[in-house]
Amino acid sequence: MIEGSPASREAANQSAMAGIPRDRRPIAVAAVLSAMALVVLDAGMANVALPSIAKALAVAPASAVLVITAYQAALVMALLPCSALGHRLGYRRVFIAGVTLFTAASVLCSLAPTLPLLLAARLLQGLGGAAVMALGVALLRFIVPHDQLGRVISWNALTVALSTAAAPTVGALILSHASWPWLFAINFPVGCIALIASQLLPTTRSSSQYLDVLSMALNGLMFGAMVLAAEFALERPALGWATIAIASMSLIALVRRERAKAEPLIPIDLLRSQSFRTSVIASVMCFTGQTAGIVALPFYLQYGFHQSTLATGLYMTAWPLSVAATATLSGRLADRLPAAWLCAGGAALLSIGLASAALWPLQGNLEALALFASICGVGFGLFNVPNNRTMFLAAPPERSAAAGGMQGMARLTGQTAGAVLMTALFTLTTPNLAPRIGLIVGALFALVAGMVSISRRAIDG
C-alpha cells in the first residue's frame with residue numbers, strides 16, 4: 001500500500017491515534033530517549049575535550065574546533081534527507097540505521113590517530129545523529145496515543161535538558177581519569193543498549209516515492225554553505241558573502257525543483273499551514289534568544305564578575321535544570337491548554353529572565369543571576385514542549401518525519417544565529433559590554449517568539 005494513498009493515510013492516522021500496545025511502550029520510548037541522550041551528551045562532551053584533543057594530536061586550537069564544526073555541518077546537511085529516507089524506507093529502519101552509524105562512528109572517533117581521520121569520523125557521527133534527531137519524535141507519535149503526545153514530548157525535552165546539563169560534568173569526569181578517546185568509546189555500550197531496545201519500535205509504512213538525489217545534493221550544498229558562511233562571516237567577509245551567494249542559489253534551485261511535489265524534501269506543503277509555519281518561526285526566534293543568552297552568561301560571569309570556571313558552571317547549571325524540572329509539567333499543560341498562550345507565556349518568562357540578567361543592579365549578589373537563569377529555563381521549558389507538539393500535530397501522521405526534520409532545522413538555525421550574533425558582538429564591542437548587549441538582544445528575540453506564538457491563538461482555540 002502506498003503511504004500517500006487515502007487508505008494508507010487513514011491507516012497512518014489510526015496508528016498515530018492509538019499508539020502501540022501498552023506493554024511495549026516503555027521500552028520503545030526508552031529506545032528513542034536513550035538515542036537522543038547519546039547524541040546530546042556526545043556533542044557536549046566533545047566541547048569539553050577540545051583542548052585535550054588539540055594537545056594530543058598536536059594541532060592548533062582553531063583546528064581542533066573543526067571537530068565541532070564537522071559534526072554540526074553533517075547534522076544540518078542531513079536532517080531533511082534523513083526525513084525523506086524515513087518516509088521512503090520507514091521511520092524505524094532509518095532510525096536504527098542512524099543509531100548504528102552513530103555508534104560505529106563513535107568507535108572510529110576513539111581510534112582516530114590524526115585530526116583528518118577524526119573529522120571524517122565526526123562527519124559520520126553527524127549523519128547518524130541527524131537520523132536520530134529527525135525521526136525520534138516522529139516515532140514517539142506512533143508509540144503513544146494522541147492524547148499523550150504532549151507528555152511524551154515533555155519526556156524528550158527532559159532528556160535533552162538533563163543530557164545538556166550533565167554533558168560538561170560527565171566529560172570532565174572522564175577526562176580526569178582517562179584520555180580523550182574514551183569520550184567517544186563510551187558511546188558504544190549505550191548505543192548497543194539503544195539498538196536492542198529499538199527492536200520494539202513501531203513499524204511505519206514505507207512509501208513508493210522515489211528519492212531525488214539531486215534535491216538532496218542541493219540541500220546539502222545549501223546548508224553546508226550556510227555553515228561555512230557563519231564561520232567566514234567576520235574574519236573573511238568576502239568568502240563569507242560568496243558562500244552566502246552559493247547557499248542562496250542552491251535554495252532557489254531547490255525550491256523550484258520541489259514546489260510542485262506533493263511531499264517535497266523542504267516541507268513546503270507543511271509550511272503552507274499557518275499553525276506549522278508560526279511554530280517554526282517562533283522556534284527559530286526562541287532558540288536564537290536562548291542561545292545568545294547561554295553564550296553570553298558565562299562571559300558575563302567571568303569577565304564582569306571574575307568568577308572561576310567551576311563557579312560559572314554551577315551558576316549556569318540552574319538553567320538546564322529548570323528546563324528539566326518544567327518539562328513534565330509543560331507536557332501535561334500542553335495536552336490541556338491552548339499552545340498559543342503557553343508558548344507566549346514561556347517566551348515572556350525567557351525574555352524577562354534574559355533582560356533581568358542584563359539590567360539588574362547585581363552589586364555582587366550573584367545569587368540573583370542564578371535566579372534569572374532559572375527563570376530563563378522555566379520559560380524555555382514552558383515554550384518548547386507545546387510549540388513542538390503544535391508543530392507535529394499540524395502535520396499529517398505520514399509527514400511526521402518531515403515535521404521532525406523541520407523541528408531540528410528550526411532549532412539548529414536558531415542556535416547558529418544566536419552563536420553568530422554573539423560572535424559579531426564580541427568582534428564589534430568590548431568583552432565586558434558584549435555579554436550584556438547579547439542578553440538584551442536575546443530577550444528581544446524571545447519577545448518576538450512570544451508575539452509570533454500569540455498570532456496563532458485563533459487556530460489553537
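Where the only charges are on Cβ atoms (+1 Lys, Arg; -1 Asp, Glu), what is the dipole of the chain about its Cα centre, to the nearest 20 debye? Don't skip to the end; give the middle numbers.
Values: 27 positive and 15 negative charges, 131 e Å.
It comes to approximately 620 debye.
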**Prompt:** In whole percent, what relative contact order does the chain give with Cα contacts below 8 Å and a gap of six or more residues?
**Reply:** 23 percent
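Subtracting the Cα-Cα distance from 0.36 nm times the residue separation, let me have the gained length for Thr430 to Glu367 in nm, one decimal. It would help to have the intermediate numbers written out before the result.
On the way: separation 63, 0.36 × 63 = 22.68 nm, distance 2.51 nm.
Length gained, Thr430 through Glu367: 20.2 nm.
So what is the diffusion coefficient of the chain in µm² per second by Stokes-Einstein at 20 °C and 1.002 mPa s, using a Kirkwood Rh over Cα pairs? List each step's numbers first, then the result.
Values: Rh = 22.4 Å.
Calculated translational D: 96 µm²/s.
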**Request:** Quick one: P(r) of the range 210-262 from all Cα-Cα pairs, 5 Å bins, percents rounded to integers, in order of increasing distance.
**Result:** 5, 23, 25, 19, 13, 8, 5, 2, 0
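Before rounding to the nearest 500, sum -39500 (n - 2.57) across all DSSP H runs of length at least 4 in the chain and divide by the residue total; then give [θ] at 222 nm in deg cm²/dmol. Walk me through the intermediate numbers first.
Values: 19 runs with 368 residues, N = 461.
So the calculated ellipticity at 222 nm is -27500 deg cm²/dmol.
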**Asked** Binning every alpha carbon pair distance of the range 116-189 at 10 Å from zero, what are the percents per bin?
**Response** 15, 34, 33, 15, 3
**Asked** At q = 0.16, 0.17, 0.22 Å⁻¹, what log₁₀ I(q)/I(0) does a Debye calculation on the Cα points of the range 252-345 give, no solvent, two decimals?
**Response** -0.87, -0.91, -1.11
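Using a Förster distance of 25 angstrom, determine the FRET efficiency expected from the C-beta separation of Asn47 and Trp182, and round it to 0.05.
On the way: r = 16 Å, r/R0 = 0.63.
Rounded to the nearest 0.05, the efficiency is 0.95.
Determine the shape class of the range 370-447: with a ≥ b ≥ c the square roots of the Cα gyration tensor eigenvalues, call it rounded for a/c under 1.5, and otherwise prolate if a/b is greater than b/c, oblate otherwise. Spell out each step's value before the answer.
Working: a/c = 4.10, a/b = 1.89, b/c = 2.18.
Taking the square roots of the gyration eigenvalues as a ≥ b ≥ c, the range 370-447 is oblate.
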**Request:** Using only the Cα atoms of the range 267-461, each taken as one equal point scatterer with no solvent, compute I(q) by the Debye sum, divide by I(0), and report log10 of the ratio at q = 0.16, 0.18 Å⁻¹.
**Result:** -0.93, -1.11
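By the gyration tensor of its Cα atoms, with a ≥ b ≥ c the square roots of the eigenvalues, what is the shape of the range 75-230: rounded for a/c under 1.5, prolate for a/b over b/c, or oblate? Display every interim value, and only then the final one.
Values: a/c = 1.79, a/b = 1.21, b/c = 1.48.
Oblate, because a/c is 1.5 or more while a/b does not exceed b/c.
Rule-based calculations on the coordinates, nothing more; no lab input. Owing to the predicted nature of the structure, the values given are computational and were not obtained by experimental measurement. Cβ: placed from backbone, ideal geometry, glycine included. Neighbour counts: every protein chain shown.
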